[in-house]
1. What is the distance in Å between the Cα centroid of region 226-285 and that of region 133-191?
2. Using r as the Cβ-Cβ distance of Q175 and Q13, and R0 as 41 Å, what FRET efficiency do you calculate, to the nearest 0.05?
3. Take the alpha-carbon positions of the chain, form their convex hull, and give its projected area averaged over all directions (one quarter of the hull surface) in nm².
4. Please state the relative contact order of the chain as a whole percent: Cα pairs under 8 Å, 6+ residues apart?
5. Apply the Kirkwood formula to region 63-296: the hydrodynamic radius equals the inverse of the mean of 1/r over all pairs of different alpha-carbon atoms; give it in Å with one decimal.
6. Taking 0.36 nm per residue of sequence separation and subtracting the Cα-Cα distance, how much length would be gained by fully extending the chain between T315 and D153, in nm to one decimal?
7. Taking only the Cα atoms of region 5-60, how large is their convex hull per residue, in Å³?
8. For region 309-386, compute Rh as the Kirkwood radius over C-alpha pairs and then the Stokes-Einstein diffusion coefficient at 4 °C and 1.567 mPa s; write the answer in µm²/s, rounded to an integer.
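Just so it is clear, none of the values below were taken in a lab; they were calculated from the coordinates. Computed from a predicted structure; not experimentally measured. FYI the Cβ positions are ideal-geometry reconstructions off the backbone, even for glycines, and counts take in every protein chain you see.
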Amino acid sequence: MSASYLMPTYARQPISFTRGAGSWLYTEDDTPYLDALTGIAVCGLGHCHPTITQAIQEQAATLIHTSNLFGVDWQERAGEALCQAAGMDSVFFANSGAEANEAALKMARLYANNKGFARPKVIVMENSFHGRTLLSVSATANPKAREGFFTLDDDFIRVPFGDVDAVKQAAEQHQDICAILVEPIQGEGGLNTPKNGFTYLEELEAVCDANDWLFMLDEVQTGNGRTGKYFAYQHSNARPDVLTTAKGLGNGFPVGACMVRGRANGLFSAGSHGSTYGGTPLASRVVYSVYQELSNTDVMSNAVTEGDFIRSQVTDALKDYGVSSRGAGMMIGIVLPEHIDCSQLVNRARDEQKLIINVTGGHVIRLLPPLNMTRDESTQVVERLVALLKPTLAQ
Ligand SMILES: Cc1ncc(COP(=O)(O)O)c(C=O)c1O
């Protein structure tokens, strides 16, 4: 590749794709690659889904942007659909996951301000990822993302993921906590699932209720059907006060959302937060179309069936090599023994197997395939992955 004018914020792979359809990406010479990553949990309905493409085309030819100074009918419709799906009272539309979390964290500070706190703190988790704005990166654990940015460390308390006792201990030690922000399953941090499953969320909610903190869920990655429910917390009886999402919300169209209910409802008022682009007619129509597709088809149950299939087939084929799996639905972690060198796996999967994957947490293969993957495609994911891993594991 010739010299690039792009800032080197990503270690890019030496390949680019010119076309996508369903579970497949194509290079300029039309070589197909099976996409088990979907732009990092974004294109849940697959690439260029015909219904979403049609909605984009129609809306782009009708009205793309006015401003939030005016009524936006598609934003009203998308907001109603999303709040009803999540059991929330109201929504703020942003353009990314980081912005959705920035809104949530700002609201937590308003909540604390209303209670007369001088220096509020939010509890966040080890290995968390919440985005790259200054507040959301301060909530993020990854040292590489934080380094040099004078992160707002006094405003957060970090505890181990999955450890409710650590949260209770923090409650005893600090008077000025106003909220918890947590991912139901940690995506970037290693596909970490809490050890007692989603009841962890119920336990966290109980601590929040006992202390009058906001219970805030980051479902930027786990939301929009990825785990087999519209939102991952719906696998439990927990109910968040604040809920953020993005990624699959627009199936590739950039959009994010921060929803609130109950004691968190009404914290923002005119002028206290905003976004020029948040919830344009175009973005909102896409959100509404994705929502319709998820709720009127069997895509979410397919995510469970095919996710379980991939997990069980891969671990079965590699059971002699200490390989295990975790995650839910189409959020799949294949956990390799720690001594295995994973540094070349992404490149080898791409070049040798024409399979797009990701490695996280050092030794966890992260698969985020389209929710509507066919059985034939899931079988191909398994076959290609096993063909890649078996010789490496057998060495
Ligand atoms: C759980 C979680 N929160 C927030 C973000 C940030 O989202 P965005 O990159 O859209 O700002 C991500 C992105 O990976 C994420 O996985």
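1. 20 Å
2. That pair, Q175 with Q13, gives E of 0.30.
3. The orientation-averaged projected area of the Cα hull of the chain comes to 20.3 nm².
4. In percent, rounded to a whole number, it is 22.
5. For region 63-296, inverting the mean 1/r across all distinct Cα pairs yields 17.7 Å.
6. Residue separation times 0.36 nm, minus the Cα-Cα distance, leaves 54.3 nm.
7. Enclosed volume per residue, from the Cα hull, is 136 Å³.
8. Calculated translational D: 103 µm²/s.
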